[in-house]
Structures are given as structure tokens and as C-alpha cells.
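Q: Take a look at the following structure, please.
Computed from the coordinates by the stated procedures, all read-outs in this text should not be read as laboratory data. Here the structure is a predicted model, which is why all the values come from computation and not from measurement. In this analysis, Cβ positions are derived from the backbone assuming ideal geometry, glycine residues included, and neighbour counts consider all displayed protein chains.
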């Protein structure tokens, strides 16, 4: 076996050593065979089930100057590595190990001591062997952008009933909402036509979410300002660029780690869950009763009034 081939299958610590810059040596800390149970994967068979994934991580860090004095605050703790993994797994459900590896590496490299990181992630339950990815990322030295409160978006989340979608006042309502100057997210429920009813809970959940998405496109067809968005990334971009967003909820719901306990059939309650997730300024409900629960301010408007 050639040296390159051996290194390709070696532990990341060996790859780190083999590719080190001898002119400016770095210290290393490592995490070996850190195994967690998580729901991850792009295939339907991987939804609703947990599988073991194994992390091997090596972080190259700037050597300390002066005595350590046995002070834990002066070093990059192993806990920071495991916390980076736990935080990314808790953030949202992911389809790809590649995405998870990138996010774990990025979070570790935010630590001031970290200079280069090797991340190997393997699925242990998808076949007779381990299936995985390995990436290497380096700190480019650019300072991390500071997030200030003024950069955080607090959208106006609006639930529109079917009567509101069909209302002749819709255009005027959108004019009023845009005048608020806040990012705008529109949520809808299922159309009035009955959807198929199944005893399989997961299949029924998907059908009900797809019914809501049908109605999202109906709303978008009523006014050209409305843009249907399907992912959190797409939503963030659309809000930052001043688009009026109509949420197609399937991917956001199914990819959420904190899956909502409410069912898609209770569309107003689901919209309240979105309002909390997106840290909305308020939730406005047009043509329906306010939800019984919610973590953001709520108000209701009638479909019979031109004013919201």
C-alpha cells in the first residue's frame, strides 16, 4: 500500500501530522470514535429513525506562549469540540454528512486557538461497513463577523385563511403589510377540498403538508409580489432582499430537530410554531381564530375589513 493510500484511510491525526507545516509547528488535540445516535440522511428510509454516526476530529491549535499553569481557560477544551458537534446536530435535521462536517468544522474554527481542523464522520448502520466523509478546513485569519441585534430579522408572520386568500382586499392588505417595513412571511392552511385520509401517520403528515403547499402556490398566483420559499436558507435570503415570502412548510417541518407537536391540519397552530422559530415581531391571523398558544404577540383581523 502506497503512503498516500495508507494516509487516505488513516486516522485524521496521521493525516494532520503528514501534512503539517514543519516551519510553523502546531499542537493538536483529538476526539476519537465519538458516537451519537441521530436522525440524518436524504433517503426516505432514513426519516423517522435514528442511526449511529461516529466522529473523529483533530484540531491543530496555536501553541501557547508562556507557562500553561494548569489553567483550563488557556487551552481549547475537548468540550468545545463535542459541543460543536452537539450544537450542529441540534440546529436542524440534515440530509448530508458533508453538510454536517462543514458546519462542525466552521464552528470549531471560530475558536481563536484553532488553525486547522480535520473532521471525519461515518455512518455505522447503513451497510456492512462504515460509510463516511472526511474534510480538512483551515482558519483563513479573517475576523469573525460580529452579529448585533440590528442584524437580526424579526418578520411579520401572517396567517391567511382561505377566505382571506380569495378576498378582494388581498392586494390592499399586502400594501399595508409592506408599509410596516418588516420582512413578511405569509402562511396558509390546506385548501377546502378534502385530502386523502390514511392510517399511516407519517404518510398522512406528508399529504397534509403537501396540501398546504398547494395553497401556498394558489396565494402566490394571486399577487406577483408573493414568492414561495421552501427552505430556511431560501427564506433568510428572501427576507433580507425584501421579498414577500409564502412558506411552503414541508422541508422546514421535516428537517427540524425540534419537530412541532401540532399537526399540519391545525394550520394556525403550525403558523404559531413558525412564528416562534423565526422569532417574529408578531403573528397576525386574518380570517381565523388566534391559536391557543404562542410565544410571540398575536392579533387578529377580519376578512370583512379593508384595514388590518
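Q: Rounded to the nearest 500 deg cm²/dmol, what is the calculated helix-only ellipticity per residue at 222 nm for the chain, with -39500 (n - 2.57) per DSSP H run of length n ≥ 4?
A: So the calculated ellipticity at 222 nm is -10000 deg cm²/dmol.
Q: Which of 118, 281, 43 comes first, and how do the rest follow, when ranked by fewest Cβ neighbours within 10 Å?
A: Fewest to most other Cβ atoms nearby, the residues stand as 43, 281, 118.
Q: Another question, if that's okay. Hey, fewest Cβ within 10 Å first, where do 82, 24, 19 land in order?
A: The fewest-first ordering by Cβ neighbours comes to 24, 19, 82.
Q: What ranking of 277, 239, 202 emerges when the number of other C-beta atoms within 10 Å of each C-beta is taken as an exposure proxy, fewest first?
A: So the residues, fewest neighbours to most, are 202, 277, 239.
Q: Taking the Cα of residue 195, stepping 7 Å toward and past its beta carbon, and measuring to each backbone N in the stretch 28-62: which are under 18 Å?
A: Flagged as within label range: 48.
Q: For the chain, find the longest principal axis of its Cα atoms and tell me its angle to the long axis of helix 267-277, 0 to 90°, nearest 10.
A: Between helix and principal axis, roughly 40 degrees.
Q: Based on the mean of other Cβ atoms within 10 Å per residue, sort peptides 195-201, 103-109, 295-301, 282-288 so the most packed one is first.
A: 282-288, 103-109, 295-301, 195-201
Q: Looking only at the chain, where both bridge partners belong to it, what percent of the DSSP beta bridges are antiparallel (to the nearest 5)?
A: Of all bridge pairs located within the chain, approximately 55 percent are antiparallel.
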